[in-house]
Amino acid sequence: MSKPLIEDRSFLRHFWHPVCTREELEQANPSGRGPLAVTLLGEKLVVANLAGKIAVMQDRCAHRSAALSRGAVEGDQLRCNYHGWRYDASGRTVHIPACPEQPIPRKARSPAYECEMRYDLVWVRLDSSWQCTEIPYFSEWDKPEMRNVVVPSYVWNTAPERRWENFTDLSHFAFVHPGTLYDPGFDRPPVPSVDRVDGEMRFAIEPPPEMQDKLPENSPLGSFTYRCSMPYSINLVISLYRDGTTFTLWTTASPIDESHCRNFLIVSRAQKDDDPDNAHLAFQKQVLLEDQPIIESQTPAEITMDEVSLVTDKVSNQYRKWMRELSLAALDGKDAFVKALQTNAIDKRLVQSPAMTLGATETTT
Ligand code: FES
Ligand SMILES: [Fe+2]
């Protein structure tokens, strides 16, 4: 078996990843505040809302290793349900019922992680030592004219890189989504210019407008503009051919481990009367059902170096190149990692609109 594209995955700990939706946290327990067990990059974590403050810590009690996610939220503390130790949001043990008069041992704590609620998702950064990443870009969240629907998260048995590549794959539409997203007659994909700008991969395509007549009403056909915050987020803005309004799909594949990902999707569209969410969500679900079996069939789940790439695989080729660079740079320390993430590179091979090149400081050919 060929070696994996990414041999050392520790660089992923420096990025923010979502672990659950707001609704999933609220529904995890009748209290509405968790706790909820999640897994990120192989680490078992517990999420809780402690008196309005989101807390994420290792899902393991310092006493006898019971799962804190089997415990309960009490005010601004999380109680372990084995012997009742209580933890604050920083992961420190603040009460031990068996011997309350004794000083609390210094090692009595569960490591806590930086976390934040954004886009109605709970985000976690496991390693904050370099402070060099931000929560990914989402163009529509604060726009009052847009309606944003956060879809329940879903797990796929594949590496997050494969899910990312599937979402941005321009040659699969005609084969995996014939009659849903694409007219199968158009099986030669566009090859866009692909830029690196401020930690994002950016590219744009214009599918043939004449496909419109053969696609269902909710199929979002239009000009596609991708802004993809590394490593796993995609902000796809579609300017619909049918009426010129904006339809945005925002997604992130969150790495449970190297062969499983939890996917988050936000469907964003212009607010309109008489345009129920259900029709759009059912359509997106259909698209996911078309993708999932083929993606979960990719073996192994992790991307390997022996796959044969074509010029029409440009987006995934560029993505693989950048992911590998990030992984290797992180081994050389913070400065090398920041340079690999933030150095802009503009693809000059194809003419592109000025908007796509803003912020460029370096070029490649
Ligand atoms: S294992 Fe948690 S209090 Fe004992
Ligand atoms: Fe697809």
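Just the ratio, please: alpha-carbon radius of gyration of the chain over 2.2 N^0.38 Å, N its number of residues. Mind dumping the intermediate values first?
On the way: Rg = 22.2 Å, N = 365, 2.2 N^0.38 = 20.7 Å.
Dividing the Cα Rg of the chain by 2.2 N^0.38 Å gives 1.07.
In percent, what relative contact order does the range 146-364 have, based on Cα pairs under 8 Å that are 6 or more apart in sequence?
Relative contact order, the range 146-364: 28 percent.
Expressed as a whole number of Å, what is the distance separating the alpha-carbon centroids of the range 262-328 and the range 38-65?
For the range 38-65 versus the range 262-328, the Cα centre distance is 29 Å.
Treating only the Cβ atoms of Lys and Arg (+1) and Asp and Glu (-1) as charged, compute the dipole magnitude of the range 284-351 about its Cα centre; round to the nearest 20 debye.
Dipole of the range 284-351, to the nearest 20 debye: 400 debye.
Equivalent-ellipsoid semi-axes (√(5λ), Cα gyration tensor) for the range 27-102, whole Å, largest first?
Semi-axes (√(5λ), whole Å): 19, 14, 11.
Taking only the alpha-carbon positions of the range 203-361 and ignoring solvent, what does the Debye formula give for the base-10 log of I(q)/I(0) at q = 0.09, 0.13 Å⁻¹?
Log10 I(q)/I(0), no solvent term: -0.39, -0.83.
Determine the relative contact order of the range 10-125: mean sequence separation of Cα pairs under 8 Å and six or more apart, normalised by residue count, in whole percent.
Numbers: 249 pairs, mean separation 29.8, N = 116.
Value for the range 10-125: 26 percent.
List the GluC sites (Glu not before Pro) within the range 178-248 that fall in a DSSP loop (any state other than H, G, I, E or B) and whose Cβ has at most 12 other Cβ atoms within 10 Å.
E217
Among S2, S171, S229, which comes first, second and so on when ranked by fewest other beta-carbon atoms within 10 Å?
Going from sparsest to densest Cβ surroundings: S2, S171, S229.
Using a Gaussian network model of the chain whose springs link C-alpha atoms within less than 10 Å, name the residue from D257, D243, D59 with the highest mean-square fluctuation.
D243
Among the Cys residues of the chain, which have no other cysteine Cβ under 4.7 angstrom away?
So far as the 4.7 Å Cβ criterion goes, C20, C99, C115, C132, C228, C261 stand without a partner in the chain.
For R269, R22, which order do you get if you count the other beta carbons within 10 Å of each Cβ and list the fewest first?
With the sparsest Cβ surroundings first, the list reads R22, R269.
Sorting F175, F224 on the 10 Å Cβ count, fewest up front, what's the list?
So the residues, fewest neighbours to most, are F175, F224.
Sort 179-189, 271-281 for me by packing, meaning the mean count of neighbouring Cβ atoms within 10 Å per residue, highest on top.
Top to bottom by mean Cβ count within 10 Å: 179-189, 271-281.
Assuming a strict under-26 Å limit between Cα atoms, what lysine pair count do you get for the chain once near-sequence pairs (fewer than 8 apart, same chain) are dropped?
Eligible lysine pairs with Cα atoms under 26 Å apart amount to 20.
Got the relative contact order for the chain handy, in percent, Cα pairs under 8 Å and 6 or more residues apart?
Details: 739 pairs, mean separation 67.6, N = 365.
Relative CO of the chain lands at 19 percent.
Rule-based calculations on the coordinates, nothing more; no lab input. Because the structure is a prediction, the values reported are computed rather than measured. Ideal geometry is used to build each Cβ from the backbone, glycine not excepted, and the neighbour counts take in all protein chains shown.
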